[in-house]
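Shown next, in structure tokens, is the structure this report addresses.
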Amino acid sequence: MGIFRYYPDDHSAHDHDLDKKIIRHSIAFALFFVLLFWLVRILEEVFDLSLYKGGIYPLHLKGIPGIITSPFIHSGFGHLISNSVPFALLLFFLVYYYRSLSYRIFIQIYLLSGLCVWLAGREAWHIGASGVVYGLAAFHFTSGVIRNDLRLLVISIVVVFLYGGMVWGMMPIKPEISWESHLWGGISGLLLAFFYKRYTIRRRKFSWEEEPETEEGEPDSLSTTGIPSPFSDSTSTGDFLLKDDAREAPPLSEKKEGLEG
């Protein structure tokens, strides 16, 4: 699919249409996943399905597929809405600012956060995309701080301003919240920000921030030295924990006891 092929090349930096292409591509990539989230939820509602067993169940073989599928499963539309906005916004920033490198970063945050929950989470069904949201937010914040790049620092400030309260979601304050997903997502994003610090990010500058060209006529490249929900409730974008027992009981959310994050 074209959405997974990052066609704007770095050597096209003087193309005036490049920035528009990157913006369109970044929006399409982010919306692709969010629309899949919504499609899964709508199918659950229309066909009266309960897909909670597509989540992560730590240290059990039945929970391994959830490393891939859990972000697509939400216990209700409230949970889905609270994850959709920050997921789309943070993924857009990732693709727009980190170019082709963004795919690797996104996949690694996605898989690493899920794997850590499977290895170190409580025995319950962990569902929802907020582990990835926390990973993206932590990556943006950390990368903006450690890189010598004003644009990325601005993104860091935006993340703190909108989602600063997310730190409470990484603490075991409420037993019904999958704080492990938040914690491991945040740690994954933090570690990857340091890992990718050595990678150079090149992109076209706006006219008001153009740097002097080198003798060869090429613009100086950027070197490396160098959003849960916008609502006030810090836990509103959390994952859900759905208990399981020997009798394969239905998820607690069906009994109006959804373990909400």
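Just so you know, all these numbers are worked out from the coordinates, no wet-lab data involved. Nothing here was measured: the structure is a model prediction, and the numbers come from that model. As a convention, Cβ positions derive from the backbone with ideal geometry for all residues, glycine included, and neighbour counts pool all protein chains shown.
Taking neighbour Cβ counts within 10 Å as the exposure measure, how do Glu180, Glu123 sort from fewest upward?
Glu123, Glu180
How would the range 14-76 be classified by its alpha-carbon gyration tensor: rounded, prolate or oblate, with rounded meaning a/c under 1.5 and the a/b versus b/c comparison settling the rest?
Numbers: a/c = 5.92, a/b = 2.06, b/c = 2.88.
The shape class here is oblate.
Which of the peptides 82-91, 163-172, 132-141 is most tightly packed, and how do the rest follow, going by the mean number of other Cβ atoms within 10 Å of each residue?
132-141, 82-91, 163-172
Remind me, relative contact order of the range 75-160 in percent, using alpha carbon pairs under 8 angstrom and six or more residues apart?
Relative contact order comes out at 29 percent.
Relative to the present Cα-Cα distance, how much length would full extension add between Lys20 and Ile107 at 0.36 nm per residue of separation? Kindly include the intermediate steps, with their values, before the conclusion.
Working: separation 87, 0.36 × 87 = 31.32 nm, distance 2.44 nm.
Length difference between fully extended and current span is 28.9 nm.
Return the sequence-ordered ³J(HN,Hα) values of the range 178-191 in whole Hz as given by the Karplus equation 6.51 cos²θ - 1.76 cosθ + 1.60 applied to θ = phi - 60°, using x for Gly and Pro.
Going residue by residue, I get 7, 5, 4, 4, 5, 4, 6, x, x, 5, 4, x, 4, 5 Hz, with x marking Gly and Pro.
Summing +1 for each Lys or Arg and -1 for each Asp or Glu, what net charge is found among the other residues whose Cβ lies under 15 Å from the Cβ of Leu112?
Every neighbour counted, the sum reads 0.
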